[in-house]
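Report on one structure; see the data block that follows.
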Amino acid sequence: MQLAAYIPDYVVFDLETTGISCNYDEVVEISAIKVRNHQAVSEFTTLVNPGRAIPRDASGINGITDDMVKDAPVFKTALADFLSFIENDALVGHNIDAFDLKFIYRDCGRYFGKLPGNDSIDTLKLARVCLPKRGGYRLTDLAAYYGISTQGAHRALNDCHMTQAVYERLGKEFDSHPSLVKKCPRCGALMQKRKGRFGMFWGCSGYPKCRYTENL
């Protein structure tokens, strides 16, 4: 279930992939950081052999090459280790609802025949609620806004550290400005202001799974 919350214990995670399609692309790196009482306590990270050549465009973004992953585990092995690491913790990440979790769910179904039941918190959706006037919501944009280092961006573990720092800052704003927050009465996810054919309205961030709307 998608959560709208600032919680003390969670796992932040990130993937690097061969491309942006969860239908055709594969994972080349997966990392996670376990957090207890808002402090990082342990890390998980591994490169992944995708069983195919990594496109030049992908390597140009994340710096991961075929030579780097040739002796890395396949994703079935890495995913099993990742699931053992996260246990039942809520998963925090940037744009994970639209990207990272789709790869996780696809391959959990493919390899293990079931999906993980962990709750999730997407910092992209949280940022759009807490910082409605921001011009950019990329992870690096938010890190720069909060004065957080973006060095090493687009490697999974570095992005985990960046996301954890951003989530902690967003979470404090979320808790201290309750007037910013509106939750969907149907599924509990964050509501977002959207522009439609007939003007502005509240729409559930869980769309298309949840299609709840309210007039402004």
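The values are calculated or read from the model by the stated rules, or taken from the named source; none is laboratory data. Note that the structure is a prediction, hence the values are computed from the model and not measured. Note: ideal-geometry Cβ built from the backbone for every residue, glycine included; neighbour counts use all protein chains shown.
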Query raised in the report: Do we find a residue being in contact with a helix residue (DSSP H, G or I) (Cβ under 9 Å, 6 or more places away or on another chain) and either assigned by TED's automatic domain parsing to the domain that holds LEU91 or of a type in the set (A, V, I, L, M, F, W, C) (or both) anywhere in the stretch 195-211?
Result: no
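Looking only at residues that are among the charged types (D, E, K, R) and in contact (Cβ under 8 Å) with a residue 60 or more places away in the chain in the stretch 162-216, which one is farthest from LEU131 (Cα to Cα)? Write out each step before concluding.
Let us first name the residues in the stretch 162-216 that are among the charged types (D, E, K, R), namely 168-169, 172-173, 175, 182-183, 186, 193-195, 197, 209, 211, 214.
Still in the list and also in contact (Cβ under 8 Å) with a residue 60 or more places away in the chain: 168, 172, 175, 183, 193.
Numbers: GLU168: 14, LYS172: 12, ASP175: 13, LYS183: 16, LYS193: 12 Å.
The residue in question is LYS183.
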Requested in this report: Determine if the stretch 68-88 includes at least one residue that is assigned by TED's automatic domain parsing to the domain that holds PHE174, touching an Asp or Glu at 6+ places or on another chain (Cβ under 9 Å), farther than 30 Å from ASP175 by Cβ and of a type in the set (Phe, Trp, Tyr).
Outcome: yes
Requested in this report: Say whether the condition of being modelled with pLDDT of 95 or more and either among the hydroxyl-bearing types (Ser, Thr, Tyr) or within 19 Å of GLU214 (Cα to Cα) (or both) is met by at least one residue in the stretch 178-193.
Outcome: no
Requested in this report: Output yes when any residue across the stretch 134-151 is touching a strand residue (DSSP E or B) at 6+ places or on another chain (Cβ under 6 Å), crowded, with 16+ Cβ neighbours inside 10 Å and not assigned by TED's automatic domain parsing to the domain that holds TRP202, and no when none is.
Outcome: no
Query - Residue satisfying all of: in the stretch 11-23; touching a strand residue (DSSP E or B) at 6+ places or on another chain (Cβ under 7 Å) and either closer than 22 Å to MET191 by Cα or not aromatic (Phe, Trp, Tyr) (or both); surrounded by the most Cβ atoms within 10 Å (Cβ to Cβ) among these - result: VAL12
Requested in this report: Hey, can you tell me all the residues within the stretch 131-161 that are out of contact with any Lys or Arg (no Cβ under 9 Å at 6 or more places or on another chain), in contact (Cβ under 8 Å) with a residue 24 or more places away in the chain and assigned to a helix (DSSP H, G or I)?
Outcome: LEU139, ALA156, LEU157, ASP159, CYS160, HIS161
Report task. Output the residues belonging to the stretch 12-57 that are free of Cβ contacts under 8 Å to residues at least 60 places away in the same chain and under 17 Å from ASP89 (Cα atoms). Result -> LYS34, ARG36, ASN37, GLN39, VAL41, SER42, PHE44
Query raised in the report: Out of (1) of a type in the set (Asp, Glu); (2) in a loop (DSSP other than H, G, I, E, B); (3) exposed (fewer than 13 other Cβ atoms within 10 Å of the Cβ), the odd one out for ASP89 is which?
Result: (3)
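Can you tell me which residue among GLY203, GLY188 is in a strand (DSSP E or B), among the small types (Gly, Ala, Ser) and closer than 23 Å to ALA5 by Cβ? Show your work before the answer.
On the way: GLY188 fails: in a strand (DSSP E or B).
On inspection, the qualifying residue turns out to be GLY203.
Considering LYS70, LYS102, LYS76, which residue is in contact with a Cys (Cβ under 9 Å, 6 or more places away or on another chain) and of a type in the set (D, E, K, R)? Let's see the steps before the verdict.
Working: LYS70 fails: in contact with a Cys (Cβ under 9 Å, 6 or more places away or on another chain); LYS76 fails: in contact with a Cys (Cβ under 9 Å, 6 or more places away or on another chain).
From the options LYS70, LYS102, LYS76, the qualifying one is LYS102.
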Requested in this report: State which residue pairs qualify: first residue charged (D, E, K, R) and inside the stretch 67-90, second residue surrounded by fewer than 15 Cβ atoms within 10 Å (Cβ to Cβ) in any location, beta carbons under 8 Å apart, and separation of 6 or more residues or different chains.
Outcome: LYS76/TYR111; ASP89/ASP9
